[in-house]
Every structure is written in structure tokens, then in C-alpha cells.
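In what follows, a structure is listed as C-alpha cells, so that the remarks can point back to it.
The values are calculated or read from the model by the stated rules, or taken from the named source; none is laboratory data. Everything quoted here is computed from the prediction, not taken from an experiment. Glycine gets a Cβ as well: all are built from the backbone with ideal geometry, and neighbour counts include every protein chain shown.
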């Protein structure tokens, strides 16, 4: 494990840091300029973990909710097929933007904490589990 990775990704092995780098590059919790994402993508392709603001915090929160990088990717991939207009709590409706940047989609650990169990233990498909969580959120988080 490289010292740099350990310093930039405390609590993660180099392999875990690389897995989370790949996933968070695609599903970044905050907006990033496309040019920066391209440079980061090149580094990840070479096998070098990268980090941006909130990535380690996001990965930590996700791991506390029983997510792996693979499950995190599966969640956000399944959300791509769910119409954001159908669910107020859909992450697309919570994206953060910045001029000349690719939007970021924050991870709300409290909202998604049941999703890994629904997929792994209850054996629901990722999409069905996501719709169930979003439906429950409509009732639970009324404002």
C-alpha cells in the first residue's frame, strides 16, 4: 500500500481506494470540472487511486451503511432507469451544480441505509429496492 494512498484514503487499502475512486469518479458526490474528471480517469485507468473533496467521507458513510464500492455503483446505476420526476427524493433531484462542471449527486446515507439489505438479504433487484426506498422516503420525509 502506498503511503500517499493511505494518507489520502485513511482506513482504506489501496485496492479499496482504487475501487471507490472508480465508482466516485462516475457517481461523484459534488460537481467537478470535466477536465479534472478526465485527468482523474486517466490516473484510475493506470491503477492509481484518486480523491476529490467528500469522496473519503462519502465512502466511509456508505461503508457504515453496508455498501461496498460495487453496491454503491449498482445503486446509482439502477437509479438511472428510475424517472426522477416520479420521486421527490430521487438523487437526481438533489444534484449540486457549478458552472462548467459535471453535476454531483450527494449520497444520503440515512435514506439509503436499508438498500444493501434489500438487495443482499431480501434478494430484491437493485432497481426494485431503490424504488421501495424512494417510495418509503415519500412517506417518511414529508416536509
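Let me confirm something: among 75, 118, which residue is touching a helix residue (DSSP H, G or I) at 6+ places or on another chain (Cβ under 7 Å), under 20 Å from residue 131 (Cβ atoms), without any contact (Cβ under 8 Å) to a residue 24 or more places away in the chain and outside any loop (DSSP other than H, G, I, E, B)?
Working: 75 fails: without any contact (Cβ under 8 Å) to a residue 24 or more places away in the chain.
Testing whether each residue is touching a helix residue (DSSP H, G or I) at 6+ places or on another chain (Cβ under 7 Å), under 20 Å from residue 131 (Cβ atoms), without any contact (Cβ under 8 Å) to a residue 24 or more places away in the chain and outside any loop (DSSP other than H, G, I, E, B) leaves just 118.
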Options 65, 59, 52, 69; residue that is in contact with a helix residue (DSSP H, G or I) (Cβ under 8 Å, 6 or more places away or on another chain), modelled with pLDDT under 95 and crowded, with 18+ Cβ neighbours inside 10 Å: 52
Filtered residue count, segment 121-133, keeping only those that are without any contact (Cβ under 8 Å) to a residue 24 or more places away in the chain and over 16 Å from residue 88 (Cα atoms): 5
Leading residue by the ranking (modelled with the highest pLDDT) among those in segment 83-93 that are outside any helix (DSSP H, G or I) and surrounded by fewer than 16 Cβ atoms within 10 Å (Cβ to Cβ): 83
